[in-house]
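Below you'll find the structure, written out as structure tokens, and then a few comments.
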Amino acid sequence: RWWALVSTLAVAALSLPLWTRFTAGTAAFQFVELRPWIPGLNLHYHLGVDGISVLLVLLTTLVMPLCVLCSWRYIQARVREFMVCLLVMEAAMIGVFCALDFILFFLFWEAMLIPMALLIGVWGGPRRIYASLKFFIYTMAGSVFLLVAILALGLHAGTFSIPELMGVHYTRGFQCWVFLAFFLSFAIKVPMFPFHTWLPAAHVEAPTAGSVILASILLKMGTYGFLRFALPITPYATHVFMPYVMGLSVLAIVYGGLTALAQGDLKKMVAYSSVGHMGFATLGIFTLTAAGVQGAVLQMVNHGVTTGALFICVGIIYERLHSRELDAAAGLGRQMPVFAGFLGVFCLSSMAFPGMNSFVGEFLVLVGGFAVSRPLTVCAIPGVVLAAAYMLRLLQRVAYGSPRNPDHGGVPDLSAREILTLAPLLFFVFWIGLHPGPILRVMDASVRHVLEQ
């Protein structure tokens, strides 16, 4: 536990210069590493970050120490192996966001699957094998389409360098086929409706750290794929399929909200809320406007902060009550006032309350959406109302309870370790909500460059 915590904290500290030394105002890749890898196939070990990927790398390095902390007491069996899986996951996830060679990207993309499947299948709940297999099969199926698209692009252009592939002209028919392969792979990872069915099972059965990694980082890889590959490499196909993807995004927003509202299991409620929140991210990307794409990137970061925090809160409840049912947790806030305060902030953030991080992202997405299609964007508004409904229901029941609450006498409030786990996420909820300017400046040039391409 201590070695894993020290390792993840060291990586977090070493990632800070990515923020402090990043040059805003340019779309060029920075901190580039380029070494020959397999010269016979023209493959290179090529890494770098721009204004979009740097934010996701920093999100990853922030979240991983918190995953170690929230597993401190939760994981009692095979602790060493569990921590090894977390560290391998961190390496692979950072690699995905930094890779500038397509084969290297695919190597990191696939490397994430094994430790994540192990986290669910070994340390998960009663139906962990079913959830692990479902997660693995779905994501492997998507990876097959991604590999086909990568090989088609590499054979067509004679290179697997991502920056070079962005500058090659492709025929319209070729773009459409490549886009469809990209779409199937990334839509499963997001996950978009109707490719989302692996997500609730994986979230419910995964340990707390597994749920946090899934929600905070893994789901972002689908939206990152759309931004990094689909938009700049297949621009014609993006315009062709843009209204269909926007329609699926609006469906995801409304469906995710309705399904979350119907849940009595806290983990399922937060899992289905992710479907709706990530629907806002894909909606913003495919508005193809600066405001919409900026809102989508910000929503990716915000979702990682807020939903990761909510899963940690659910894990704290489960450790004390050994139940994730909303009825079992009713009135818990009276015995745990500090916990209720943290939960209240994260619930308000999830429903995009003004002054908090999610409000800025959703506002920008809706601005971009109204600029492109007012009728379609109006259809997404009920998703905002539904988010308020299920989050306020959760907060009201847990913090204040009902006339017939279970007996929570003797349940301890948050420990110093648990406060330390939630405090950084609380800070980012308000910092991004009240002062989003620095993040928007970092991504602005990269977002505009993607839209120009």
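General observations
- Packing-based order for 360-369, 37-46, using average beta carbon neighbours within 10 Å, highest first: 360-369, 37-46
- Given their separation in residues at 0.36 nm each and the Cα-Cα distance between them, residue 388 and residue 19 gain 129.5 nm when the chain is fully extended.
- Averaged over residues, the count of other Cβ atoms within 10 Å places the peptides 148-156, 86-94, 222-230, 406-414 in the sequence 222-230, 86-94, 148-156, 406-414, highest first.
- Most to least accessible of 54, 168 (protein chains only, probe 1.4 Å): 168, 54
- Computed [θ] at 222 nm, helices only, for the chain once each DSSP H run of length n ≥ 4 contributes -39500 (n - 2.57): -23500 deg cm²/dmol
- Among [x] 196; [y] 172; [z] 127, the entry derived from the coordinates for volume of the Cα convex hull per residue in Å³: [z]
- Shape call, the stretch 183-277: gyration tensor on alpha carbons, a/c limit 1.5: oblate
- Evaluated over the Cα positions of the stretch 360-441, the convex hull gives a direction-averaged projected area, one quarter of its surface, of 8.6 nm².
- The alpha-carbon of residue 134 sits under 17 angstrom from the alpha-carbons of these aspartates and glutamates, leaving out residues fewer than 8 places away in its chain: 110, 205.
- Highest average packing first - 383-394, 341-352, Cβ atoms within 10 Å: 341-352, 383-394
- Counting only whole DSSP H helices of the chain, the ones at least 18 Å long by C-alpha along their axis and with mean Kyte-Doolittle hydropathy no lower than 0.5 are 2-20, 53-70, 79-98, 128-157, 172-189, 235-261, 266-285, 290-321, 337-350, 357-372, 374-395, 416-434.
- In the stretch 1-92, the C-alpha radius of gyration followed by the widest Cα-Cα span (Dmax) gives 16.4, 49 angstrom.
- Accessible-area rank, largest first, for 272, 74: 74, 272, with all protein chains present and a 1.4 angstrom probe.
The values are calculated or read from the model by the stated rules, or taken from the named source; none is laboratory data. As the structure is a computational prediction, the values presented were derived from the model and not from experiment. With ideal geometry, Cβ positions are generated from the backbone for all residues, glycine too; neighbour counts draw on all protein chains shown. The protein model used for the area step is the full one, side chains on, heavy atoms only, and it has no ligands, DNA or RNA in it. Shrake-Rupley method; radii C 1.70, N 1.55, O 1.52, S 1.80 Å.
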